[in-house]
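Student: Please see the structure below; I have some questions.
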Amino acid sequence: MSVKPKVFVTRRIPDAGLKLIQEACAAEVARRGGTCGAVLNAANEAAVTRFLDGDLSFLDIPRVCRAVLEHHHYSPRPTLTELGELDRWARQETLRWKTATTCSVMG
């Protein structure tokens with residue numbers, strides 16, 4: 001069994017709008033609370049895994065996180081059960097997300 005090595009290239013990210021997306025997500029989580037933190041965390045973990053597997057571009061990580069965050073069923077005071085369900089939902093939606101122009105989390 002051979003392990004495929006990961007190659008990381010450090011370069012300046014050309015899309016300055018990504019920083020705004022990341023900051024908007026963080027601000028929403030801080031402002032709204034509730035289910036937002038769990039959803040954003042799950043989406044980010046799943047998106048990073050897809051990136052490391054070569055299935056998602058680095059620049060799409062904040063885009064998919066934003067899309068999943070925007071389309072989740074928000075609750076200001078979720079139960080532990082609700083958080084677990086939304087964690088699973090966010091991970092599944094992140095896996096379904098295609099590209100910045102084709103998103104399956106609409107609805």
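Student: Please verify whether region 73-91 includes one or more residues that are modelled with pLDDT under 95 and within 11 Å of the chain's Cα centre (by Cα).
Tutor: no
Student: Give the residue that is nearest to the chain's Cα centre (by Cα), with candidates limited to residues of region 43-63 that are assigned to a helix (DSSP H, G or I) and of a type in the set (A, V, I, L, M).
Tutor: So the residue we want is Ala43.
Quick grid of which residues meet (1) of a type outside the set (A, V, I, L, M); (2) surrounded by 13 or more Cβ atoms within 10 Å (Cβ to Cβ); (3) in contact with a strand residue (DSSP E or B) (Cβ under 9 Å, 6 or more places away or on another chain):
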{"site": "Arg31", "(1), (2), (3)": "yes, no, no"}
{"site": "Thr35", "(1), (2), (3)": "yes, yes, no"}
{"site": "Val39", "(1), (2), (3)": "no, yes, no"}
{"site": "Val48", "(1), (2), (3)": "no, yes, no"}
{"site": "Val64", "(1), (2), (3)": "no, yes, no"}
{"site": "Pro76", "(1), (2), (3)": "yes, no, no"}
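Student: Which members of region 26-62 meet the condition of being of a type in the set (Val, Ile, Thr) and within 16 Å of Trp97 (Cα to Cα)?
Tutor: Val39, Val48, Thr49, Ile61
Student: May I ask you to list the residues in region 83-98 that are within 18 Å of Glu28 (Cβ to Cβ) and surrounded by fewer than 16 Cβ atoms within 10 Å (Cβ to Cβ)?
Tutor: none
Student: Related question: Could you say which residue among Leu18, Leu40 is at pLDDT below 70, assigned to a helix (DSSP H, G or I) and not acidic (Asp, Glu)?
Tutor: Just a single option satisfies the conditions, and that option is Leu18.
The values are calculated or read from the model by the stated rules, or taken from the named source; none is laboratory data. All values reported here derive from a predicted model rather than from experimental measurement. Note that we place each Cβ from the backbone using ideal geometry, even for glycine, and neighbour counts take in every protein chain shown.
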